[in-house]
1. Would you calculate the separation in nanometres between label points at HIS46 and PHE4, each defined as 7 Å from the Cα along the Cα-to-beta-carbon direction?
2. Nearest 0.05, what FRET efficiency do SER35 and LEU57 give at R0 = 22 Å with Cβ-Cβ as r?
3. Order 42-51, 55-64 from most to least packed using the mean count of other Cβ atoms within 10 Å.
Amino acid sequence: SSSFAEAQGAFVFVPLEKIKANPLPATRYMAIRRSIFVQEGGFLPHLNYAEDYEFSLRLQKKGYMCVFAPK
């Protein structure tokens, strides 16, 4: 791995002990059923960044629950 990738890890990755039981996930960590992704409209095409965060918020507001599964 590159030095940049190692340095970036300190800003991108959340330590396991700081992750809540029901997190608001980003796509780099998320597994979701395709049917739900399509049903709920997926990512908004006009967003250039944070589209995964916006999608997670939308799911949360509709009552979907995200769970943390470290393994």
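1. Distance between the two pseudo-spin positions: 3.2 nm.
2. My answer for the efficiency is 0.65.
3. Output ranking for 42-51, 55-64: 55-64, 42-51.
Values quoted throughout were computed directly from the atomic coordinates according to the rules given, and no laboratory measurement underlies them. All of these numbers come straight from a predicted model, not from anything done at the bench. Positions of Cβ are backbone-derived with ideal geometry, glycine not excepted, and every protein chain shown enters the neighbour counts.
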